[in-house]
Amino acid sequence: MMMSLFSVFDPVSYFGISLNWVVMFFVIMMIPMSYYLVGGFTSGLWMNFSGSLSNMYKDVSFPNFSGLVMISSILFFFISIMNVIGLFPFVFTASGHVIVTLSMGLILWMMSMSMGWIKDFSKSSAHLVPEGAPLILSPFMVIIEFVSHMIRPLTLSVRLAANMMAGHLILGLIASVSLYSFSSFWMSVVAQSVMLVLEWAVCFIQAFVFSILVMLYALDYY
């Protein structure tokens, strides 16, 4: 039983085994090399899905940015599997911790920003003033755009962590209702089952949102 509703934010150990952060490395183990090297129905489904996902990212980016497509695709699978693993009992949701999401968002943001400013300084700096903005408002627009660019890694990390932990908080709140009576127990089971289905959808939706925003933010500097 949870001592506090917000204890889901605490990466505690279970049964004396501290595997809270090791769960991030389980993502690599979920996709063995046999899926890539051995042909078959499973590998065919995997290749079709990954190909469709890459085409979706290509529609957003330009044809010359194949590197961004690869990074976004890998990021989608990494976050999706990490989110799904966090739905299992006694497994801490690594993507629900701000230190993990902020690390991913900050590194990717710094990578894209530094590459854009080093490659073409004038083009990247031109994004600080929207096209068609009055000249008298240009200094204020530069300040506003600069602040919006600086808070992008924070918004990326908080969005993913908050959405992942919000579902766990609701599940914990619904589970606490089951202790009152037999009828409330079955109502809690049904409600948690529905919420768990929605949580599966949130896992993939938030992974796609994070990866597509990383791509869009990177395109702003090119």
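The values are calculated or read from the model by the stated rules, or taken from the named source; none is laboratory data. The structure displayed is predicted, hence computed values, not measured ones. Heads up, the Cβs are rebuilt from the backbone with ideal geometry, glycines too, and the neighbour counts pull from every protein chain shown. Note: accessible area is taken over every heavy atom of the protein model, side chains too, but ligands, DNA and RNA are not part of it. Shrake-Rupley method; radii C 1.70, N 1.55, O 1.52, S 1.80 Å.
Taking a 1.4 Å probe, which of Tyr57, Tyr217 shows the most accessible area, and what order do the others take after it?
In descending accessible area the options line up as Tyr217, Tyr57.
Could you tally the net charge around Leu137, taking each other residue with its Cβ under 15 Å from the Cβ of Leu137, Lys/Arg +1 and Asp/Glu -1?
-2
Residues of the range 113-222: accessible area per residue at 1.4 Å, in Å²?
In whole numbers, the range 113-222 has 58 Å² accessible per residue.
Put Phe140, Phe208, Phe49 in order of accessible area, largest first, 1.4 Å probe: what do you get?
Ranked list, largest accessible area first: Phe140, Phe49, Phe208.
Sort Met195, Met165, Met70 by accessible area with a 1.4 Å probe, largest first.
Met70, Met195, Met165
Kindly report, to the nearest 10 Å², the accessible surface of Lys119 as traced by a 1.4 Å probe over protein heavy atoms only.
Its heavy atoms expose roughly 150 Å² to the probe.
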